[in-house]
1. About its Cα centre, how strong a charge dipole does the stretch 138-192 have in debye, to the nearest 20, once Lys and Arg get +1 and Asp and Glu get -1 at the Cβ?
2. Under the Kirkwood approximation for Rh and a Cα-based Rg, what ratio Rg/Rh is obtained for the stretch 66-145?
3. Please name which of Tyr209, Gln168, Ala66 has its Cα lying farthest along the dipole of the chain towards the positive end, using unit charges on Cβ (Lys, Arg +1; Asp, Glu -1) and the Cα centre as origin.
4. Distance from the Cα centre of the stretch 87-118 to that of the stretch 157-193, in angstrom?
5. Please give me, ordered by residue number, the GluC sites (Glu not before Pro) of the stretch 97-202 that lie in loop per DSSP and have at most 12 other Cβ atoms within 10 Å.
6. Determine the relative contact order of the chain: mean sequence separation of Cα pairs under 8 Å and six or more apart, normalised by residue count, in whole percent.
7. I need the phi-derived Karplus couplings for the stretch 38-51: 6.51 cos²θ - 1.76 cosθ + 1.60, θ = phi - 60°, integer Hz, Gly and Pro marked x.
8. Determine one quarter of the surface area of the Cα convex hull of the chain, which equals its mean projected area, and express it in nm² to one decimal.
Amino acid sequence: MSQFDYKATYRRHLPHIQPPGATLFVTYRLAGSIPAEIARQLREEQARIEMRLTQIGDSDERLRQADREQRRMFGKWDKALDSTTCAPFWLRDERIAVLVIESLHYLNNQRYTLEAFCIMPNHVHVVFTPLAKSDGVYYSMANILHSLKRYTALHANQILERQGSFWQDENYDHVVRDEQELNRIVEYVLNNPVLAGLVSSQEEWQWTYRRANS
């Protein structure tokens, strides 16, 4: 089985969950966009949480707490990205932002239904629902992120006349539970530049998208 084949759960440095047909809220970031010490602390906290979760005997309760902790850690990673002064901020470059936006739209209706996105200076928020292939198996989150990152990293490095890692090798994510939560998440994504102090209103930030009627 390839690392990009569909799996309901998998982990690399962080755990990832993709139930069949689920809508996902995913954040991927530039390499080096969080100081190494802060990233280490967050990973260690995640490891402690996972150890504690294994000690919960009731499977339903374990799943509930795992879901809650995953969302809490998602918020911590996002806060670290919004507050860091650590370079790079290559997504501020209009050429790079347009490249990333074009890649997100290119896979829309091919591998996923695109609900929303926001291009921040050092990371990307995207909400999408992976589609099923002709054999009924869903496109995996790993497959989708690999395609988005590989294409944009190659061309962004050419634009910037640089070499080396462009994206951090892993994303963080969580499952959208229902329509009500989807609306909250999409609003959060669109409002992220305001919360980060980059603009005073959503309308001032041009690097966002929301699917019509979503």
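Every number in this text was worked out from the coordinates using simple rules, so none of it is lab data. It should be emphasised that the depicted structure is a prediction, and the values quoted were computed from it without experimental measurement. For neighbour counting, all protein chains shown are included, and Cβ atoms are generated from backbone atoms with ideal geometry for every residue, glycine included.
1. Numbers: 5 positive and 8 negative charges, 52 e Å.
So the dipole magnitude of the stretch 138-192 works out to roughly 240 debye.
2. Numbers: Rg = 14.9 Å, Rh = 14.5 Å.
Using only Cα positions, Rg/Rh for the stretch 66-145 is 1.03.
3. Result: Gln168, furthest along the dipole toward the positive end.
4. Taking the Cα centre of each part, the stretch 87-118 and the stretch 157-193 sit 9 Å apart.
5. Working: sites: Glu102, Glu115, Glu161, Glu170, Glu179, Glu181, Glu187; in loops: Glu161, Glu170.
Answer in residue order: Glu161.
6. Working: 292 pairs, mean separation 69.2, N = 214.
Taking the mean separation of contacting Cα pairs over the length of the chain, I get 32 percent.
7. Karplus-based 3J(HN,Hα) across the stretch 38-51 equals 5, 4, 4, 4, 5, 5, 5, 5, 4, 5, 5, 4, 5, 4 Hz.
8. Numbers: hull surface 50.7 nm².
Average projection, Cα convex hull of the chain: 12.7 nm².
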